[in-house]
Amino acid sequence: MNLQQVVFGVLSIISLITALGVVFSKSPVTSVLCLILTFFTIAGHYVMLNAQFLAVVHIIVYAGAIMVLFLFVIMLMNLNAEGEPQKRNWLKYAGAISGGALLVVLLAALREASLPSLTPESNNIGLIANLGQTLFKTYVVPFEVSSILFLSAMVGAVVIGKKEH
């Protein structure tokens with residue numbers, strides 16, 4: 001076993017434990033904190049796949065922005081156990097059946113999947129420099145069109161936000 005396999009194994013075990021912590025935690029705040037740790041371990045997997053840009057964006061967007069938003073929403077909610085309606089048994093069974101069906105579909109898809117072999121010259125696939133070259137040479141027009149779209153969406157959000165009811 002080399003170092004890469006050990007790091008992958010440790011990251012995978014931590015990721016699975018924290019993902020199970022998200023699902024089985026009684027406290028919503030603990031669940032969100034476990035989800036943040038899961039996101040960091042997934043970012044570690046991205047680094048191992050030589051996708052540093054994706055790892056950084058993953059940490060900034062998910063662990064930084066979205067999870068802070070989740071924490072604020074959970075802390076502002078009134079989470080009394082007495083006020084929660086009881087779930088019906090058929091709803092639990094339907095969830096278990098649909099989850100099992102999803103597992104069967106995923107296993108069938110993974111059974112047919114195959115990994116392409118990597119050549120020695122393909123070790124710089126996920127580097128930021130290659131992403132920038134591709135983005136600003138090949139896809140510069142769609143990149144600029146999407147920036148105009150985002151700018152118009154921001155202006156529209158400000159106009160809608162400024163309107164008085």
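Any read-out appearing in this document is the output of simple, stated calculations on the displayed coordinates, not a laboratory observation. Quick caveat, the model's predicted, so the values are computed rather than measured. Quick reminder, even Gly has a Cβ in these numbers, built from the backbone with ideal geometry, and neighbours come from all protein chains shown.
Observations on the model:
- For the chain, size of Cβ-based charge dipole, Lys and Arg +1, Asp and Glu -1, in debye: 320
- Alpha-carbon centroids, region 127-155 and region 52-68: separation in whole Å: 19
- Only one item in (1) 9.2; (2) 10.4; (3) 16.2 matches mean projected area of the Cα convex hull in nm² derived from the coordinates shown, and that item is (3).
- Calculated FRET efficiency for the pair Q4/I60, C-beta based, R₀ 22 Å, to 0.05: 0.30
- Each residue, L151 and Y139, gets one label point 7 Å from its Cα in the Cβ direction; the gap between the two is 2.0 nm.
- Subtracting the Cα-Cα distance of R111 and L76 from their residue separation scaled by 0.36 nm leaves 8.2 nm.
- Helices meeting the span-like rule in the chain (full DSSP H runs, Cα extent of at least 15 Å along the helix axis, mean Kyte-Doolittle score of 0.5 or higher): 3-24, 28-48, 89-112, 140-162.
- Secondary-structure-derived ellipticity at 222 nm for the chain, considering helices only, amounts to -22500 deg cm²/dmol, per-run term -39500 (n - 2.57) for DSSP H runs with n ≥ 4.
- Simple spin-label estimate for N50 and L131 in nanometres, 7 Å along Cα-Cβ: 1.5
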